[in-house]
Structures are given as C-alpha cells and as structure tokens.
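Q: Just dropping this structure here.
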Amino acid sequence: MGNTKSSSNRIGISMINQKRPQPSVNKHQNLSEPDDPRSKWALSERDINFLSSQTGLSQDEIRIWHEKFFHDNPDGRLDRNEFRKLYRLLRQECPERVDNMCDHVFRAFDVDGNGYVEFGEFLLGFAICSRGDLRSRLDYAFECYDLDSNGYITEDEIEPVLRGMYTLLGIKHIEDYPPDIVAKDLMTKLDITKDGRVTKDEFIHFLMKEGMYRNTVNPFH
Ligand SMILES: [Ca+2]
Ligand SMILES: [Ca+2]
C-alpha cells in the first residue's frame with residue numbers, strides 16, 4: 001500500500017498527516033509516559049479552520065472529536081482493528097453486517113495509504129461519508145473498490161467489495177443477483193473507454209446518474 005492517493009480534498013488532509021510528527025513508537029516504550037502524547041498532537045487554529053471548512057463541522061465539534069479520538073487512541077491513529085471497532089459504533093448496525101466492508105472503508109479513509117487512519121483522515125472521511133455531497137461520497141466509494149490503490153478499478157476488484165455490500169445491505173438471496181454477474185454487468189457500464197479499467201471519473205460519472213446501481217454499490221448513503 002505504498003501508493004500515494006490523490007484528489008483535491010485528499011491532498012489537503014495528506015498535508016495534515018505529513019506535517020504531524022509521526023510518533024516514533026518503540027514497542028517497549030510506555031506510551032503513557034514520560035509526557036502526555038496529546039501535547040504533540042495539539043490542533044493548531046489553522047488545522048481547525050481547515051478541518052472545519054472541509055467537513056462542515058463547527059470548530060467546537062472538531063475540538064470535541066479531537067479530544068475523544070486522542071482519549072481513545074493516545075497514539076493518534078487507528079489501525080485496522082481499532083478502525084473496525086469505531087466504525088461499528090458509528091454505523092450503528094450489527095457488526096456482522098459492517099465487518100465485511102470495514103477493511104474496504106479503511107482503505108478509503110487511509111488517504112496516504114500508510115496503513116493507519118490518523119485523526120485528520122478519520123474526521124474528514126467520517127464527515128464526507130455521512131454528510132458530504134454525492135460526488136465526494138462516490139470519491140470515497142471508489143477507493144473502497146480500488147483494492148490495490150493503483151488508481152483504477154478492474155472487474156476482479158468489484159466482486160469482493162460487492163459481496164461486502166450485499167452483507168452490509170442484508171441482501172439474502174445472493175443467487176438472484178450473483179455478485180460475479182453484477183460485477184461483469186457493472187464493468188461493461190462503467191468502463192466507457194473499454195480498456196478493462198475504470199477510472200475514478202468513469203466511476204463517479206456513471207453512478208451520479210444511475211441511482212439503482214448506486215444503491216447497491218455505494219456504502220456511503
Ligand atoms: Ca493514513
Ligand atoms: Ca485497482
């Protein structure tokens with residue numbers, strides 16, 4: 001996952017991550033000492049203004065999220081397991097439904113692809129996926145399907161994520177709409193240039209106007 005992902009709103013949050021001092025965690029080091037690790041993760045006014053403009057959250061809401069996030073995650077970032085636990089809480093759905101999609105959503109939230117979701121990535125992802133406009137939500141949905149984060153989707157990447165979506169949506173009679181058939185069907189519709197690859201533009205363009213497919217494909221309603 002060494003690929004650098006990019007798009008307009010993703011670059012900003014990458015900057016937030018990059019300018020943060022990465023905690024040089026020695027496995028034997030006790031993170032609760034010698035000093036409060038939150039002090040080096042303090043949000044500057046500029047960070048707060050940026051996050052506020054990107055997420056639509058008020059400055060106070062951002063401070064509250066920040067406090068909670070670092071209280072629960074003193075190292076300032078979520079690994080896959082920690083992300084899964086938090087995402088379950090936020091989705092307020094039964095874990096069995098959410099778990100299959102969690103790793104795919106994790107990939108979308110982990111904008112810089114470093115294997116962790118940092119505070120800025122989390123807040124932006126959460127805000128966009130729950131209250132962003134359709135285009136922004138589809139931007140994140142694309143990242144869920146781009147399993148190898150190489151910037152385009154191939155047919156073999158669609159099927160496993162669709163299976164996760166079926167579980168999330170509680171679709172029981174899979175045999176009525178087998179994910180491999182739907183993936184093939186979807187691919188022919190998405191891949192306008194017929195080169196076997198679906199770019200983010202193709203993905204967003206098609207799903208912006210096709211509500212029926214979108215309901216099945218997009219985890220961020
Ligand atoms: Ca990250
Ligand atoms: Ca790909």
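Q: Given (1) more than 16 Å from ligand 1 (Cβ to nearest atom); (2) of a type in the set (Gly, Ala, Ser); (3) within 22 Å of Glu45 (Cβ to Cβ), identify the lone condition not met by Gly76.
A: The single condition Gly76 does not satisfy is (1).
Q: Follow-up. Within the stretch 102-111, is even one residue assigned to a loop (DSSP other than H, G, I, E, B), modelled with pLDDT of 75 or more, surrounded by 12 or more Cβ atoms within 10 Å (Cβ to Cβ) and within 16 Å of ligand 1 (Cβ to nearest atom)? Spell out the reasoning first.
A: Restricting attention to the stretch 102-111, the residues satisfying the condition of being assigned to a loop (DSSP other than H, G, I, E, B) are 110-111.
Now narrow it down to the ones that are modelled with pLDDT of 75 or more: 110-111.
Keeping just the survivors that are surrounded by 12 or more Cβ atoms within 10 Å (Cβ to Cβ) gives 110-111.
Of the ones still in play, those that are also within 16 Å of ligand 1 (Cβ to nearest atom) are 110-111.
Yes; the residues of the stretch 102-111 include at least one that is assigned to a loop (DSSP other than H, G, I, E, B), modelled with pLDDT of 75 or more, surrounded by 12 or more Cβ atoms within 10 Å (Cβ to Cβ) and within 16 Å of ligand 1 (Cβ to nearest atom).
Q: Identify, from the list Cys94, Cys129, the residue that is away from ligand 2 (no atom under 16 Å from the Cβ) and without any contact (Cβ under 8 Å) to a residue 24 or more places away in the chain.
A: Details: Cys129 fails: without any contact (Cβ under 8 Å) to a residue 24 or more places away in the chain.
Every option except Cys94 fails the conditions.
Q: Could you tell me whether the stretch 156-171 includes any residue that is more than 16 Å from His104 (Cα to Cα) and not assigned by TED's automatic domain parsing to the domain that holds Leu90?
A: Yes: one or more hits.
Q: Determine whether the stretch 150-159 contains at least one residue that is touching a strand residue (DSSP E or B) at 6+ places or on another chain (Cβ under 7 Å) and not polar (S, T, N, Q).
A: Here is the first cut: in the stretch 150-159, the residues touching a strand residue (DSSP E or B) at 6+ places or on another chain (Cβ under 7 Å) are 152-153.
Narrowing the set further to residues that are not polar (S, T, N, Q) leaves 152-153.
Scanning the stretch 150-159, I find at least one residue that is touching a strand residue (DSSP E or B) at 6+ places or on another chain (Cβ under 7 Å) and not polar (S, T, N, Q), so the answer is yes.
Q: Would it be correct to say that Tyr145 is farther than 16 Å from Tyr213 by Cβ and either more than 16 Å from ligand 2 (Cβ to nearest atom) or modelled with pLDDT of 95 or more (or both)? Spell out how you get there, then give the answer.
A: Numbers: farther than 16 Å from Tyr213 by Cβ: no; either more than 16 Å from ligand 2 (Cβ to nearest atom) or modelled with pLDDT of 95 or more (or both): yes.
No; evaluated as a whole, the condition is false for this residue.
Q: While we're looking at this one, here's another question. Need a quick list: helices (runs of 4 or more DSSP H) entirely within the stretch 118-214 having at least 2 residues that are within 16 Å of ligand 1 (Cβ to nearest atom) and either of a type in the set (Gly, Ala, Ser) or surrounded by 14 or more Cβ atoms within 10 Å (Cβ to Cβ) (or both). Don't jump to the end; show me each part of the working.
A: Values: elements: 119-131, 134-145, 155-169, 179-190, 200-209.
Counting at least 2 such residues, we get 119-131, 134-145.
The values are calculated or read from the model by the stated rules, or taken from the named source; none is laboratory data. As the structure is a prediction and not an experimental result, all values here were calculated from the model. Here the Cβ is made from the backbone with ideal geometry for all residues, glycine too, and neighbour counts use every protein chain on show.
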